[in-house]
């Protein structure tokens, strides 16, 4: 930039000195400007590289974003499954607790039944012993003993008493027998109940063992699932960190591009200032043009980008387009002609304009022809309307062969279509 200012003031100094040394001074300054132009061209290439790098970073960010979304969906699914497994595990634990409680109650009932069985067995044995003794006594006394007992009665009242006693004895014997049968039945029932309780206990124990196995399986499943979630979260966090790093890198690259663009804008403003100064100096020897203007690209009338605000095709920024772009399928290397008579005040490679020619037509009006492959005139040269000044090309900040044409009034861009028409 320091070299630019040196060359800029050198140009102004040469203009002030005299018209005779005007072209020579510009040619001397051309070397300095060429050096600046090379730097600008390198900056443009760097800008394109940054743009490509930005595109690559954006693609990487898109891929990471998709991967992150997939991981988040997968994690949500696993967490849902984990919640379901945890609920199932809680149910198994509850069932296991209930089963163990039922087993405890069943074991208590079994112990109670065994106690009752022992008591029933004891009573049955005692009753059988008593019944055996009564049978033995009845056998020893035989049935005649009851008859003899009645015949030995001394009175009617004694007879009735003896009959009542015999009835009580028979009733007692029957009760002893019935009690023995009852105790035997109770022993059988208690024995069956104990066997059934023991069978139920065995079944409950098997259920407990099965539930314990299921519980262990569920616990292992939860442990494996948690480990899987942990790994997935680690992968997501790594992707997020990578994304943040890429975003930081992208921000740095964007800042760099913005600085480059600001520098280019500064060069454009310096060009406007230069045009104003050169135009002001040349007005004294070049009166306002009276011959009208011609189309600067003979045979090519297609305007690809008009005058006014637009999205820049390279920088992608919404900014002012200070001229019109004229293009055609075979326009490369075709001549760009002077729109009117005038004096060439700049003919060189000029930054983002590439090879550029500026003609002063007097009255504060100048025209600019940019992006050529080469220029065909020199600074200080007089040209006539229709003279070739440039070979149309694609140098500087350009996406393809075309002619960038500007009309400036007192250095400020105006709509070229107010002066020329296809």
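List every residue pair whose Cβ atoms sit under 9 Å apart, with the two residues 6 or more apart in sequence or on different chains, where the first one lies in region 103-131 and is under 16 Å from residue 198 (Cα atoms) and assigned by TED's automatic domain parsing to the domain that holds residue 211 and the second, anywhere, is part of a helix (DSSP H, G or I) and at pLDDT below 80.
From region 103-131, the pairs are 103/208.
Which of the residues belonging to region 351-378 are in a strand (DSSP E or B) and within 50 Å of the chain's Cα centre (by Cα)?
Passing the criteria: 355, 356, 368, 369, 370, 371, 372.
Would you call residue 174 surrounded by fewer than 16 Cβ atoms within 10 Å (Cβ to Cβ) and out of contact with any strand residue (DSSP E or B) (no Cβ under 6 Å at 6 or more places or on another chain)?
Yes: the conditions hold for residue 174.
Looking at 186, 198 in this structure, which one is in contact (Cβ under 8 Å) with a residue 60 or more places away in the chain and crowded, with 16+ Cβ neighbours inside 10 Å?
Result: 186 is the single residue among 186, 198 that is in contact (Cβ under 8 Å) with a residue 60 or more places away in the chain and crowded, with 16+ Cβ neighbours inside 10 Å.
Among the residues of region 158-178, is any assigned to a loop (DSSP other than H, G, I, E, B) and either in contact (Cβ under 8 Å) with a residue 60 or more places away in the chain or in the same structural domain as residue 111 (by TED's automatic domain parsing) (or both)?
Looking for residues that are assigned to a loop (DSSP other than H, G, I, E, B) and either in contact (Cβ under 8 Å) with a residue 60 or more places away in the chain or in the same structural domain as residue 111 (by TED's automatic domain parsing) (or both), one finds none in region 158-178, hence no.
Please enumerate the residues belonging to region 359-375 that are crowded, with 17+ Cβ neighbours inside 10 Å and at negative phi.
Within region 359-375, 359, 360, 361, 365, 366, 367, 368, 369, 370, 372, 375 qualify.
Has region 384-393 got at least one residue that is under 23 Å from residue 315 (Cα atoms), buried (at least 20 other Cβ atoms within 10 Å of the Cβ) and under 54 Å from the mean Cα position of the chain (by Cα)?
yes
Matching residues to (1) under 30 Å from residue 186 (Cβ atoms); (2) at pLDDT 75 or above:
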site	(1), (2)
69	no, yes
86	no, yes
90	no, yes
98	no, yes
102	yes, yes
117	yes, yes
127	yes, no
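So, residue 209, is that one part of a helix (DSSP H, G or I), over 26 Å from residue 122 (Cα atoms) and modelled with pLDDT under 85 or not?
Yes; evaluated as a whole, the condition is true for this residue.
Have a look at 378, 421, 398 and point out the one that is touching a residue at least 40 places away in the same chain (Cβ under 8 Å), surrounded by fewer than 21 Cβ atoms within 10 Å (Cβ to Cβ), touching a strand residue (DSSP E or B) at 6+ places or on another chain (Cβ under 8 Å) and closer than 18 Å to residue 303 by Cβ.
Going through 378, 421, 398 in turn, the sole match is 398.
Please state which of the following conditions residue 411 fails to meet, knowing it meets all the rest: (1) buried (at least 23 other Cβ atoms within 10 Å of the Cβ); (2) at positive phi.
(1)
Residues of region 324-345 being in contact (Cβ under 8 Å) with a residue 12 or more places away in the chain and within 54 Å of the chain's Cα centre (by Cα), which ones?
Our first condition is that a residue be in contact (Cβ under 8 Å) with a residue 12 or more places away in the chain; within region 324-345, this holds for 324-328, 331-345.
Selection gives 324, 325, 326, 327, 328, 331, 332, 333, 334, 335, 336.
The values are calculated or read from the model by the stated rules, or taken from the named source; none is laboratory data. It should be emphasised that the depicted structure is a prediction, and the values quoted were computed from it without experimental measurement. Methodologically, a virtual Cβ is constructed for each residue, glycine included, from the backbone with ideal geometry; neighbour enumeration extends over all protein chains shown.
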